[in-house]
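See below for the structure under consideration.
The values are calculated or read from the model by the stated rules, or taken from the named source; none is laboratory data. This one's a predicted model, so the numbers in the text were calculated from it and none came from an experiment. Cβ coordinates were reconstructed from backbone atoms using ideal geometry, including for glycine residues, and neighbour counts include every protein chain displayed. Calculation scope for accessible area: heavy atoms of the full protein, side chains included, ligands and nucleic acids excluded. Shrake-Rupley method; radii C 1.70, N 1.55, O 1.52, S 1.80 Å.
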Amino acid sequence: MYPVLRVAIMSDISLTMIAVLCLAALAAGWIDAVVGGGGLLLLPALLLGLPSNTPAAYALGTNKAVAIVGTSGAAVTYARKTRVDVRLAVRIGLAALAGSSGGAFLAAGMSTEVLKPVIMVVLIAVAAFVILRPAFGTAPATGPATRRQILTAIGLAGVGIGFYDGLIGPGTGTFLVLTLTAILHLDLVAASATAKIINCCTNAGALATFAWQGTVLWQLAALMALFNLAGGTLGAHTALKKGSGFVRVVLLTVVFALVANMAYEQWVA
């Protein structure tokens, strides 16, 4: 059943639409590398670009197959160019992998409509906090994280946001950056770098589940992933060059765009 359906879907996508999806993957990779939230662009593009009779699970699965490549490229760039506590990021990432796998398993049978208004309120509160606290995320960490901070980060950034990534997805990178900055007192560039490593794990957990379910369009994903990788690598270089002030502006832009997108889906679409 699945192989036949996958072939049918691919044959119905025009070359023009494939080009549009590749450009969306490029832009999403850049946004995701700078501050997270690339799924805000990539997932809706797939939902609109795939044939109307395509099950949503194929968009979700293909999105993860594309995103993990760009996220990995950004993570490597950050790790080579700036100081990142890779050991801590991997510890949080393993918890996130487990969380995202669980979220992906529940995604098919759970309604997310109840969660979206709550997430919108949280995002608006976060945006207000960032605006009212101009120094947020601009100062580097003063010392190594305490055991309590690490355990809190593993629970919230790992299990909690990982679960959200598998269940819903868009905005995961942004939530990770905000959580890591608040809990571990990282500057926004260091938080973005750490978030990329964690996000690789959340994408891997969710992708493994979608691949097992047979809902990934691998041919389309491979092509889009090349553009997403280019965007992710470029975005990481941009964030490192421009610094925390630039990342803060992009962060607020993405947060407001995410709120607007969720509000549209909740009450208009």
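At a glance:
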{"quantity": "Residue count for region 215-269, restricted to those that are open to solvent by 80 Å² or more (accessible area, probe 1.4 Å), closer than 27 Å to Ile124 by Cα and not small (Gly, Ala, Ser)", "calculated": "7"}
{"quantity": "Complete set of residues in region 54-86 that are in contact with a Cys (Cβ under 7 Å, 6 or more places away or on another chain) and open to solvent by 30 Å² or more (accessible area, probe 1.4 Å)", "calculated": "Ile68, Ser72"}
{"quantity": "Which numbered condition Leu151 misses (of (1) open to solvent by less than 10 Å² (accessible area, probe 1.4 Å); (2) within 13 Å of Ala89 (Cα to Cα))", "calculated": "(1)"}
{"quantity": "Residue in region 198-206 that is farther than 17 Å from Ala157 by Cβ, assigned to a helix (DSSP H, G or I) and touching a Lys or Arg at 6+ places or on another chain (Cβ under 7 Å) present", "calculated": "no"}
{"quantity": "Residue check for Ile131: over 15 Å from the mean Cα position of the chain (by Cα), at pLDDT below 85 and either among the β-branched types (Val, Ile, Thr) or open to solvent by less than 10 Å² (accessible area, probe 1.4 Å) (or both)", "calculated": "yes"}
{"quantity": "Filter result for Val159 (part of a helix (DSSP H, G or I), at pLDDT 65 or above, out of contact with any strand residue (DSSP E or B) (no Cβ under 8 Å at 6 or more places or on another chain) and within 23 Å of Phe246 (Cα to Cα))", "calculated": "no"}
{"quantity": "Residue ID - nearest to Ser101 (Cα to Cα), chosen from residues in region 173-188 that are open to solvent by 20 Å² or more (accessible area, probe 1.4 Å) and over 13 Å from the mean Cα position of the chain (by Cα)", "calculated": "Thr179"}
{"quantity": "Given (1) more than 14 Å from the chain's Cα centre (by Cα); (2) small (Gly, Ala, Ser); (3) open to solvent by less than 10 Å² (accessible area, probe 1.4 Å), number of the condition Ala211 does not satisfy", "calculated": "(3)"}
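Let's see how each residue does on (1) more than 17 Å from Gly166 (Cα to Cα); (2) assigned to a helix (DSSP H, G or I):
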site	(1), (2)
Leu40	no, yes
Leu43	no, yes
Thr54	yes, no
Val66	no, yes
Gly70	yes, yes
Ala89	yes, yes
Ala95	no, yes
Ala104	no, yes
